[in-house]
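Written out below as structure tokens is the structure these notes cover.
The values are calculated or read from the model by the stated rules, or taken from the named source; none is laboratory data. Computed from a predicted model, the values in this text were never measured in an experiment. Cβ sites come from the backbone with ideal geometry, for glycine too, and all protein chains shown count toward neighbours. Just the protein is used for accessible areas: all its heavy atoms, side chains included, with ligands, DNA and RNA removed. Shrake-Rupley method; radii C 1.70, N 1.55, O 1.52, S 1.80 Å.
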Amino acid sequence: MIRWSAKEIAVRLRELPMLRVLIPVAGGVIVSRFLALPELFLWAGVVVAGGCALWFRSSLYAVVALLLLGMGAASLHEEEVALPLGERLLVALRIEEEPRVRERYASASARVEAWCDATGQWHGSEKRLTLYADSTWVPRVGESLVAVGRIIPYSSKYPFYRSLQASRGYAGRIWVGESGLVERDTTQRFGWFAGLHQGAVERIERLGLSTENRALVEAMSLGERARLTPSLRDGYARSGTAHLLAVSGLHVGILFVAINLLLGGLPLLRGGHRLKNLLALLLVWGYALLCGASPSVLRAAWMCSALQVALALSLRYRGLNILFGVAVVMLLLEPMQLFDISFQLSFLAVAAILSWGIPLLGGLRSHLMRGFAALFLIGVVATLATAPLVAYRFGILSPIGLFINPVVIFLAQLIISLSLVWILLPFAFWQPLFAWAIEGLASLQNQIVEGVAALPYASFELHPSGLAVGLIYLLFALLTLLSWGFKVEKNEIFKKQNKSNTLSLETIDADEL
């Protein structure tokens with residue numbers, strides 16, 4: 001018997017306390033963009049309002065404290081001396097990524113380690129720049145240089161790109177010719193994370209894949225997108241599968257499920273349950289480090305870690321509550337992520353999968369049926385959830401992505417799994433086998449995407465307003481709340497007979513993973 005009750009919605013909302021934390025914290029980050037207050041005032045306000053919230057048990061004071069906390073976190077990331085724009089400066093840079101080499105120039109992401117003002121005083125900085133080098137020299141990832149150049153803000157003709165780069169800590173772009181190089185240290189020095197990432201990229205290169213397939217494999221497996229050609233990017237964008245070219249929660253989720261399936265036999269051994277969970281955590285975080293510890297990968301790693309711990313302790317948990325908690329921590333550490341499109345898309349995709357994908361899978365008892373259904377639902381649910389935001393940000397909508405995402409996600413899972421096995425175990429005797437398998441799968445995926453992208457109605461331009469997109473997501477939220485009000489009631493005899501076979505619509509049992 002199915003009944004609907006508003007009390008069920010209230011119960012579900014009470015089990016999501018981190019949602020009540022996330023909303024005011026995110027609101028504080030947004031307010032900080034328009035209202036700058038002294039740091040002392042903000043942190044004093046957090047202490048006073050938080051104390052009042054505890055003393056009076058007041059939700060209003062708690063909201064004020066969290067709002068000020070979001071504003072305070074954002075203020076901590078503001079530099080005391082802003083990096084001057086439009087002026088010729090002496091800057092010390094470190095190249096962070098493999099450059100994209102074109103006919104007349106090369107471009108790469110560079111971090112400003114310090115800059116010198118007109119008085120000769122040096123200032124530290126955490127900003128990034130897009131470095132453009134003329135054809136006389138090519139930067140190398142990991143090298144350091146001191147150069148003279150003018151930092152130009154991103155063009156106002158492309159407001160989305162400008163705001164996106166700002167959310168990722170980029171101040172602007174700088175053009176440096178060979179004559180502008182004051183000092184150059186070509187020794188490639190990498191941080192610990194970057195060194196692991198670069199080593200993994202080099203192992204993929206040892207497979208000897210074709211140029212286009214190597215670019216695809218490096219992008220999907222390690223988040224290295226320097227070699228992606230404009231035509232390849234355009235094909236994936238038109239087919240609605242562009243999310244595969246950037247390592248995100250989807251890729252970490254694929255690895256998370258694969259690890260739990262592969263290690264599923266360990267609990268049969270003495271102490272195997274603890275060993276399984278420990279190995280799963282180590283492998284997930286090892287993958288995050290191989291990908292350079294980017295924010296999207298770290299976010300997904302924290303999410304999967306929380307799920308793994310909950311499975312290990314056999315706790316009933318809410319995936320959404322964990323997602324909201326991870327979002328709060330990430331925003332407090334890097335508040336500007338809130339305005340990053342990758343953060344927004346990852347959050348929406350995971351929230352949709354937890355809200356709709358897992359409950360829809362709950363009615364399937366067969367592991368095989370659930371596996372195939374999951375492959376389809378993950379693609380469909382994630383695509384539907386992110387489509388309005390994609391249309392708003394990029395002006396493109398690809399309905400055909402709903403149909404081919406299950407196929408390409410399956411191929412991506414095979415490619416990523418084989419690539420990671422090769423990275424971890426790069427033995428020469430089976431290099432030809434891995435090269436043949438990965439080359440074939442990557443070629444097949446590219447052919448499918450290119451074929452679909454060539455269809456006349458694969459995608460079309462759509463530019464919804466911000467208000468329209470907001471109303472769509474409000475409708476999504478209301479439908480989700482309404483769905484929580486439905487409850488399946490069973491008599492006690494039926495419950496006892498089927499207790500061992502019942503998968504709760506609200507939790508994932510450890511055995512099911």
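Which count do you get for residues in the range 114-136 that are loosely packed, with under 15 Cβ neighbours inside 10 Å and in contact with a Gly (Cβ under 8 Å, 6 or more places away or on another chain)? Steps first, answer last, please.
We begin by selecting, within the range 114-136, every residue loosely packed, with under 15 Cβ neighbours inside 10 Å; these are 114, 117-122, 124, 126, 135-136.
Narrowing further to those that are in contact with a Gly (Cβ under 8 Å, 6 or more places away or on another chain): 114, 126, 136.
Number of matching residues: 3.
Pick out the one residue from 253, 240, 235 that is at positive phi and either buried (at least 20 other Cβ atoms within 10 Å of the Cβ) or assigned to a helix (DSSP H, G or I) (or both). Give the derivation first.
Details: 253 fails: at positive phi; 235 fails: at positive phi.
When all the criteria are applied, what remains is 240.
All but one of (1) at pLDDT below 90; (2) more than 23 Å from the chain's Cα centre (by Cα); (3) among the small types (Gly, Ala, Ser); (4) open to solvent by less than 20 Å² (accessible area, probe 1.4 Å) hold for residue 72; state the number of the condition that does not hold.
(1)
Could you run through the range 263-299 and say how many residues are assigned to a helix (DSSP H, G or I), touching a Leu at 6+ places or on another chain (Cβ under 8 Å) and of a type in the set (A, V, I, L, M, F, W, C)?
Going through the range 263-299, the residues assigned to a helix (DSSP H, G or I) turn out to be 266-268, 272-290, 295-299.
Next, from what is left, pick out any that are touching a Leu at 6+ places or on another chain (Cβ under 8 Å): 266, 272-273, 275-277, 279-280, 283-284, 287-290.
Now restrict to residues that are of a type in the set (A, V, I, L, M, F, W, C): 266, 275, 279-280, 283-284, 288-290.
Adding up the residues that qualify gives 9.
With respect to the numbered conditions (1) closer than 23 Å to residue 484 by Cα; (2) modelled with pLDDT of 85 or more; (3) crowded, with 17+ Cβ neighbours inside 10 Å, which one is the sole condition not fulfilled by residue 26?
(1)
I need the full set of residues from the range 85-99 which are under 18 Å from residue 198 (Cα atoms) and open to solvent by less than 60 Å² (accessible area, probe 1.4 Å), in order please. Outline the logic, then answer.
Step one: filter the range 85-99 for residues under 18 Å from residue 198 (Cα atoms), giving 94-99.
Selection gives 95, 97, 98, 99.
Could you list all residues from the range 195-209 that are of a type outside the set (Lys, Arg) and either in contact with a Gly (Cβ under 8 Å, 6 or more places away or on another chain) or open to solvent by 50 Å² or more (accessible area, probe 1.4 Å) (or both)?
We begin by selecting, within the range 195-209, every residue of a type outside the set (Lys, Arg); these are 195-202, 204-205, 207-209.
Passing the criteria: 196, 197, 198, 202, 205, 208.
Anything in the range 178-194 that is modelled with pLDDT of 80 or more and open to solvent by 70 Å² or more (accessible area, probe 1.4 Å)? List them, or say none.
Those that are modelled with pLDDT of 80 or more and open to solvent by 70 Å² or more (accessible area, probe 1.4 Å): 178, 179, 182, 183, 184.
Looking at the range 116-128, can you tell me whether even one residue there is small (Gly, Ala, Ser), closer than 23 Å to residue 223 by Cβ and at pLDDT below 90?
First, pick out the residues of the range 116-128 that are small (Gly, Ala, Ser): 118, 120, 124-125.
Cutting the leftovers down to closer than 23 Å to residue 223 by Cβ gives us none.
No, there is no match, as no residue in the range 116-128 is small (Gly, Ala, Ser), closer than 23 Å to residue 223 by Cβ and at pLDDT below 90.
So the check is Cβ under 6 Å with 6+ separation or different chains; which pairs have a first residue in the range 79-101 that's at pLDDT 85 or above and a second one that's part of a loop (DSSP other than H, G, I, E, B) and surrounded by fewer than 15 Cβ atoms within 10 Å (Cβ to Cβ)?
Filtered contacts from the range 79-101: 85/153.
Looking only at the range 418-434, decide whether some residue is under 13 Å from residue 237 (Cα atoms) and modelled with pLDDT of 85 or more. Full working, then the answer.
Pass one, the range 418-434, residues under 13 Å from residue 237 (Cα atoms): none.
No, the range 418-434 has no match at all.
Being more than 12 Å from residue 449 (Cα to Cα) and part of a helix (DSSP H, G or I) is the filter here; which residues of the range 390-405 pass it?
Within the range 390-405, 390, 391, 392, 393, 394, 402 qualify.
Of the residues 155, 109, which is in a strand (DSSP E or B), closer than 21 Å to residue 230 by Cα and in contact with a Phe, Trp or Tyr (Cβ under 9 Å, 6 or more places away or on another chain)? Please lay out each step first, then the result.
On the way: 155 fails: in a strand (DSSP E or B).
That would be 109, the only listed residue that is in a strand (DSSP E or B), closer than 21 Å to residue 230 by Cα and in contact with a Phe, Trp or Tyr (Cβ under 9 Å, 6 or more places away or on another chain).
On the given criteria, is residue 218 touching a Ser or Thr at 6+ places or on another chain (Cβ under 9 Å), at pLDDT 85 or above, open to solvent by less than 20 Å² (accessible area, probe 1.4 Å) and part of a helix (DSSP H, G or I)? Spell out the reasoning first.
Numbers: touching a Ser or Thr at 6+ places or on another chain (Cβ under 9 Å): yes; at pLDDT 85 or above: yes; open to solvent by less than 20 Å² (accessible area, probe 1.4 Å): yes; part of a helix (DSSP H, G or I): yes.
Yes; evaluated as a whole, the condition is true for this residue.
Could you look through the range 454-473, keep only residues that are aromatic (Phe, Trp, Tyr) and more than 24 Å from the chain's Cα centre (by Cα), and pick out the one that is most open to solvent (accessible area, probe 1.4 Å)? Break it down stepwise before answering.
From the range 454-473, those aromatic (Phe, Trp, Tyr) are 457, 460, 473; that's our starting set.
Retained after the next criterion (residues that are more than 24 Å from the chain's Cα centre (by Cα)): 457, 460.
Numbers: 457: 189, 460: 96 Å².
Per the stated criteria, the residue is 457.
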